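Okay, so here's the structure we're looking at.
Just so you know, all these numbers are worked out from the coordinates, no wet-lab data involved. Model, not experiment: these values are computed from the prediction. With ideal geometry, Cβ positions are generated from the backbone for all residues, glycine too; neighbour counts draw on all protein chains shown.
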Amino acid sequence: MRQTFLKRHFIGCCFLTAVMFGNFFASAQSKPEDAASSHSQNAVRLFAAQQELETRREIFEQVWRTINDNYYDVKFNGTDWRAVRLRFRPLIEKAANDAEFYAILDQMAGELNDSHTRVYSAAQRDTARRQSANAGIVIGEIQSLPVVLKVAPDSDAERQGIRPGMIVRSVNNQAIGDAIAEARKSIGASSSPRAAQMRVFSRILAGESDSPLILNLSDSVGGKGRRFHLRRGSAPAAASVEWRLLSANIAYLKFPRFTEELEKEIETRLAEFKDTAALILDLRDNRGGDGEVGLRFAAHFFRQEITVARLITRNNLPPAPDVPMTLKTGGSLARTYEKPVVVLINEGTASTAELIANAFQEQKRAPIFGGQSCGCVLGILAPRPLIGGELTLSDFGFITAKNKKLEGSGVLPDRIVPPQIKDLRENRDETLRQAEKYLAKHISKRFEK
């Protein structure tokens, strides 16, 4: 790894200090060639530091110019991008090391309020690959309190007695308020407050795989705290596809992402559901995934072909030869599921899952229950390489069939069901309960007719 400017500068200072004071009393005996050698080494260090600064300036200009020339939105999400350059360029002169330098670049990219456009150093990428936030729990904020949202079945967290709804007091001996503030500062801005909050809590739990995670939790705000010792990466993998039959012959289907690996099983389940009375499609915490898989899935629910979204690009041209400017689905009568449907979403519903949920809503094919989605709906073709890092850049955005931009705003449910700590503690899924009740009533009315 290259030495940073500050480290080189510090070594040079130490060397000069030793010459000035360690050899003070022997100065009369010092040889001219020793002084010449000292000056020569110092000159080499200064030259290397200047070269590193020039390289950083070059990387800074590369990042700013790449975004300036290629970002999908010519208005840069309302940001004065030229003013951003003038404000951030002086800061790189003060960066003490590579970590600070890349943090400044990422903060600059964060001015776009876009969770997809980010700058990463090579070290950050390597660290991210080794890190895991999976210790068998998920934490978040409900009713303005940091709480445990989920506990993985058959995990060490469950065996130790951690339950949803418990209040988080500290993480690794750091007060949760301080941990939140520190994480929020490090991640910067994002596509929406919901996206930023999820990143904050994920960052708090993240760490090297198999590293310890110490939690102090309590059953209530003023309750006595208990310490739990977990290890990251120790929890079993979550089920890929969840499906079951509920009351009144209502089918339930949930999966974490749209992927080719899961597509066949999803198709199988939908075929098995053809004789059910209704379907609850649970897209909560579905992070998106493959857009083509998402469109093929949605085709099961629309008899006529519909427009899901149109792409927004810098030059109004396709971002790649194989990427259409208009995303369509439906029109295959042979495999259409025509029974009533309710779609569930929350702040963890992102990207492709948001586009699909919005299509159900705009086409009045299904009502949406739950909470406002992430608002993280942009497209990236491939990371751009940098000297010692990479830039991920939003190459295109989306506008829905009814000219709505989901990036930042997300999908707003037809029926908002605010999460409650009490429901978590009692293991009650109120959103699912209301969706099931709605469909049961709908089915009953159909039979009456």
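Among residues other than VAL138 whose Cβ falls under 11 Å from its Cβ, what is the net charge (Lys/Arg +1, Asp/Glu -1)? Could the numbers behind the result be given before it?
Values: positive: LYS150; negative: ASP285.
Local charge sum for VAL138: 0.
Cβ under 14 Å from GLN107's Cβ, GLN107 left aside: what net charge do those residues give with Lys, Arg +1 and Asp, Glu -1? Before the final figure, lay out each step's value.
On the way: positive: ARG85, ARG87, ARG89, LYS94, ARG118, ARG184, LYS185; negative: GLU100, ASP106, GLU111, ASP114.
Charge balance in the 14 Å sphere: +3.
Under 20 °C and 1.002 mPa s, how fast does segment 312-363 diffuse according to Stokes-Einstein, given a Kirkwood radius computed over C-alpha pairs? Answer in µm²/s, whole number.
On the way: Rh = 13.9 Å.
Approximately 155 µm²/s, per Stokes-Einstein.
Mind scanning LYS254/LYS441; LYS254/LYS405; LYS264/LYS328; LYS94/LYS404; LYS75/LYS264 and naming the pairs with a C-alpha gap bigger than 31 Å? Let's see the in-between values first.
Working: LYS254/LYS441 22 Å; LYS254/LYS405 26 Å; LYS264/LYS328 21 Å; LYS94/LYS404 42 Å; LYS75/LYS264 41 Å.
Listed pairs above 31 Å: LYS94/LYS404; LYS75/LYS264.
Looking at segment 242-448 only, what percent of DSSP beta bridges run antiparallel? Nearest 5 please. Mind dumping the intermediate values first?
Working: 17 of 32 bridges.
Antiparallel: roughly 55 percent of the beta bridges in segment 242-448.
Out of the trypsin sites (Lys or Arg not before Pro) in segment 44-129, which ones are loop residues according to DSSP with at most 16 other C-beta atoms within 10 Å?
Numbers: sites: ARG45, ARG56, ARG57, ARG65, LYS75, ARG82, ARG85, ARG87, LYS94, ARG118, ARG125, ARG129; in loops: LYS75, LYS94.
Taking segment 44-129 and a limit of 16 other Cβ atoms within 10 Å, the loop trypsin sites (Lys or Arg not before Pro) found are LYS75, LYS94.
What distance in nm separates the two pseudo spin-label positions at GLN174 and SER144, each 7 Å out from Cα along the beta-carbon direction?
Here the modelled spin labels are 2.5 nm apart.
Averaging over every viewing direction, what projected area does the convex hull of the Cα atoms of segment 360-444 cover, in nm²?
Numbers: hull surface 36.2 nm².
Averaging across all directions leaves 9.0 nm² for the Cα convex hull.
Please state the shape class of segment 129-231: rounded when a/c is under 1.5, otherwise prolate if a/b exceeds b/c and oblate if not, all from the C-alpha gyration tensor.
Numbers: a/c = 1.63, a/b = 1.22, b/c = 1.34.
Because a/c hits 1.5 or more and a/b fails to exceed b/c, segment 129-231 counts as oblate.
Could you run the Debye sum over the Cα atoms of segment 94-162, one equal point scatterer each and no solvent, and tell me log10 of I(q)/I(0) at q = 0.11, 0.22, 0.24, 0.29 Å⁻¹, two decimals?
These q points yield log10 I(q)/I(0) values of -0.49, -0.94, -0.98, -1.14.
Using 7 Å Cα-to-Cβ label points, what is the SER409/GLU100 separation (nm, one decimal)?
The two pseudo-label positions are separated by 4.2 nm.
Report the FRET efficiency, 1/(1 + (r/R0)^6), for ARG314 and LEU53, where r is their Cβ-Cβ distance and R0 is 35 Å, rounded to 0.05. Present the calculation step by step, with values, prior to reporting the outcome.
Numbers: r = 32 Å, r/R0 = 0.91.
For ARG314 and LEU53, the calculated efficiency is 0.65.
In nm, what is the difference between 0.36 nm times the number of residues separating SER444 and SER220 and their Cα-Cα distance?
Working: separation 224, 0.36 × 224 = 80.64 nm, distance 4.11 nm.
Computed gain between SER444 and SER220 is 76.5 nm.
So what's the projected area for segment 242-448, the Cα convex hull averaged over all directions, in nm²? Show your work: numbers first, answer last.
Values: hull surface 55.8 nm².
Computed as one quarter of the Cα hull surface, the answer is 13.9 nm².
Identify all aspartates and glutamates with a Cα-Cα distance to LYS364 below 19 Å; exclude those on the same chain that are fewer than 8 residues away in sequence.
Cα-Cα hits under 19 Å: ASP282, GLU305, GLU338, GLU354, ASP414, GLU436.
For segment 84-166, run through the GluC sites (Glu not before Pro) and keep only the ones in DSSP coil with at most 14 other Cβ atoms within 10 Å of their Cβ. Could the numbers behind the result be given before it?
Working: sites: GLU93, GLU100, GLU111, GLU141, GLU158; in loops: GLU93, GLU111.
Here the GluC sites (Glu not before Pro) that fit, given the DSSP loop and packing criteria, are GLU93.
Quick one: which residues, 5 or more positions from LYS150 or on another chain, have an amide H under 5 Å from its amide H? H modelled 1.01 Å from N in the peptide plane, none for Pro or chain starts.
Amide H to amide H, under 5 Å and 5 or more residues apart or across chains, LYS150 pairs with VAL138.
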